[in-house]
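Participant: Got a structure for you, written out below as structure tokens; questions coming shortly.
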Amino acid sequence: MRESATVVVLVLFSLMIGVSGAFAQDAAKKDAPPKPAVSPSQALLDSWNDIGRKLNAMAEDFPEDKYDFKPTPAQRSFAEQLLHAAGANYFFINPATGKKMPAGEDPKRSDYKSKSDIVTFVKKSFEDGAAAIKAKGDKGMSDLLVDPFANQQTRMSDMAWGLIEHNGEHYGQLVGYYRTVGLVPPESRPKK
């Protein structure tokens with residue numbers, strides 16, 4: 001009986017030491033001065049890379065035999081969703097790098113026959129966008145371009161932010177594709 005009580009006391013004492021250590025670490029973080037804000041172009045780059053990471057993971061993960069799956073006949077296929085999202089990135093990338101706007105909004109599925117072709121295109125669009133953001137920096141992100149959809153001048157950064165949001169919309173749609181075919185999207189899986 002005494003042995004059990006001793007074990008319980010030791011376990012409780014160990015837990016108290018562990019908890020107090022965690023509180024001490026939290027207090028040290030609160031007492032430290034906050035880190036400075038990242039630059040506007042770095043914040044943009046971080047968000048660009050984050051949505052790119054998510055769409056790249058889906059492009060690589062989704063089974064190739066389901067790439068032409070459509071939840072309904074009126075919707076784009078999984079592959080067409082990826083091509084549309086990645087292709088739209090060039091409405092920012094091309095003017096940011098001194099090239100003409102893309103001729104069309106959606107790359108043709110027939111030009112990207114395999115999963116590998118699509119994965120490569122999606123990755124390249126986000127790599128090209130990240131390189132453009134880095135090259136432009138804070139100052140260059142204020143350069144103006146004409147938004148072809150609104151026929152209005154807009155800042156480079158505003159076009160890039162709009163495409164991040166656009167990619168987020170397609171990410172959400174693709175989550176629905178995963179769930180409809182009985183799969184769990186990469187971001188929703190338990191972290192190891």
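The values are calculated or read from the model by the stated rules, or taken from the named source; none is laboratory data. Everything numeric in this text was worked out from a predicted model, so none of it was measured. Heads up, the Cβs are rebuilt from the backbone with ideal geometry, glycines too, and the neighbour counts pull from every protein chain shown.
Participant: Being under 21 Å from Pro40 (Cβ atoms), crowded, with 21+ Cβ neighbours inside 10 Å and out of contact with any Ser or Thr (no Cβ under 9 Å at 6 or more places or on another chain), is that true of even one residue in segment 98-118?
Facilitator: No, the conditions are met nowhere in segment 98-118.
Participant: Shifting gears a bit: Check segment 155-173 and report whether any residue there is surrounded by fewer than 11 Cβ atoms within 10 Å (Cβ to Cβ) and of a type in the set (Lys, Arg).
Facilitator: Within segment 155-173, none of the residues are surrounded by fewer than 11 Cβ atoms within 10 Å (Cβ to Cβ) and of a type in the set (Lys, Arg).
Participant: Of all the residues that make up segment 90-134, how many are without any contact (Cβ under 8 Å) to a residue 60 or more places away in the chain and aromatic (Phe, Trp, Tyr)?
Facilitator: Matching residues across segment 90-134 total 3.
Participant: Can I ask one more? Does Val184 satisfy the criteria of being over 18 Å from Ala96 (Cα atoms), crowded, with 16+ Cβ neighbours inside 10 Å, free of Cβ contacts under 8 Å to residues at least 24 places away in the same chain and not small (Gly, Ala, Ser)?
Facilitator: no
Participant: Which residue pairs have Cβ atoms under 6 Å apart, sit 6 or more places apart or on different chains, and have a first residue in segment 29-40 that is closer than 28 Å to Lys134 by Cα and a second that is modelled with pLDDT of 95 or more?
Facilitator: The qualifying pairs are Ser39/Asp138; Pro40/Asp138.
Participant: Is one or more of the residues making up segment 60-78 surrounded by fewer than 19 Cβ atoms within 10 Å (Cβ to Cβ) and closer than 21 Å to Arg155 by Cβ?
Facilitator: No, there is no match, as no residue in segment 60-78 is surrounded by fewer than 19 Cβ atoms within 10 Å (Cβ to Cβ) and closer than 21 Å to Arg155 by Cβ.
Participant: Looking at Lys136, is it more than 17 Å from the chain's Cα centre (by Cα), farther than 16 Å from Glu64 by Cα and part of a helix (DSSP H, G or I)? Reasoning before the result, please.
Facilitator: On the way: more than 17 Å from the chain's Cα centre (by Cα): yes; farther than 16 Å from Glu64 by Cα: yes; part of a helix (DSSP H, G or I): yes.
Answer is yes for this residue.
Participant: Residues of segment 109-156 being more than 16 Å from Lys54 (Cα to Cα) and among the aliphatic types (A, V, I, L, M), which ones?
Facilitator: Ala131, Ala132, Ile133, Ala135, Met141, Leu144, Leu145, Val146, Ala150, Met156
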